[in-house]
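The values are calculated or read from the model by the stated rules, or taken from the named source; none is laboratory data. Small disclaimer: the values here were computed from a predicted structure and weren't measured. Because the Cβ atoms are built from the backbone with ideal geometry, glycine has one as well, and the counts that use them run over all protein chains shown. Note: accessible area is taken over every heavy atom of the protein model, side chains too, but ligands, DNA and RNA are not part of it. Shrake-Rupley method; radii C 1.70, N 1.55, O 1.52, S 1.80 Å.
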Amino acid sequence: TKHLAVFASGTGSNFDAIQLAIEAGTLDAAITLVVSDVPTSAVIDKAKRKGLKTFVFDPKSYPNKRVFEIEIVEALQEAEADFIILAGYMRLVGPTLLHAYEGKIINIHPSLLPSFKGLDAIGQAFDAGVKITGVTIHYVDEGMDTGRIIAQEAVKVSDTYARGDLQRAIQVVEHQLYPATIQSLLQQ
Ligand code: GAR
């Protein structure tokens with residue numbers, strides 16, 4: 001069974017979906033660490049309630065990214081993590097972490113990349129008036145949302161949708177696609 005470290009900054013609905021898939025037996029993996037750069041994030045509460053090991057840090061209390069990523073790598077090694085699963089981790093991964101987990105870092109992004117990179121991809125797509133957007137799962141490299149694409153799924157933007165409706169439609173797809181894609185990666 002492979003060990004996953006889930007990184008998240010916020011709500012953690014994708015963390016929930018991965019955790020539920022593991023409990024249901026459709027994802028053969030174990031979450032051995034949850035990492036967050038937001039000490040007050042809901043995802044950390046959820047992880048603690050599940051009894052999972054957490055590593056929480058406040059980037060502002062470090063001189064630079066290298067210093068906190070060295071601590072993250074130590075926590076990952078202690079947790080014997082095989083893969084890093086970014087699930088709403090709203091921060092660029094730096095060279096320290098990239099080199100330690102080369103080819104083992106995966107991200108989910110709420111658009112059909114290479115469209116709508118960066119922050120608020122759902123709002124960007126909504127404001128652009130596109131009729132199709134979607135979800136991308138990709139390897140992480142040094143760029144922002146630029147790594148090799150692993151899986152994509154389209155989501156139609158109905159004419160009746162408000163922004164929140166699009167967000168919900170995207171999340172429904174994310175919560176199915178992420179665990180399924182991780183499972184097929186682990187089978188390889
Ligand atoms: C998800 O929609 C994810 O695709 C997005 O953040 C949300 C996190 O939600 N990630 C990015 O925008 C990365 N650039 P969650 O905390 O409920 O899983």
Conditions (1) in contact (Cβ under 8 Å) with a residue 40 or more places away in the chain; (2) assigned to a helix (DSSP H, G or I); (3) hydrophobic (A, V, I, L, M, F, W, C) -> residue 73 fails only (1)
From the list 44, 84, exactly one residue is open to solvent by less than 50 Å² (accessible area, probe 1.4 Å), free of Cβ contacts under 8 Å to residues at least 60 places away in the same chain and not in a loop (DSSP other than H, G, I, E, B). Which is it? 44
For residue 170, work out the one condition from (1) farther than 23 Å from residue 94 by Cα; (2) in contact with a strand residue (DSSP E or B) (Cβ under 9 Å, 6 or more places away or on another chain); (3) part of a loop (DSSP other than H, G, I, E, B) it doesn't fulfil. (3)
Within the range 18-27, does at least one residue satisfy the condition of being farther than 22 Å from residue 92 by Cβ, away from the ligand (no atom under 16 Å from the Cβ), among the polar types (S, T, N, Q) and open to solvent by 20 Å² or more (accessible area, probe 1.4 Å)? yes
Selection count where residues are near the ligand (Cβ under 10 Å from one of its atoms) and open to solvent by 10 Å² or more (accessible area, probe 1.4 Å), scope the range 125-144: 1
Checked against (1) within 16 Å of the ligand (Cβ to nearest atom); (2) touching a Leu at 6+ places or on another chain (Cβ under 8 Å), residue 101 satisfies every condition except (1)
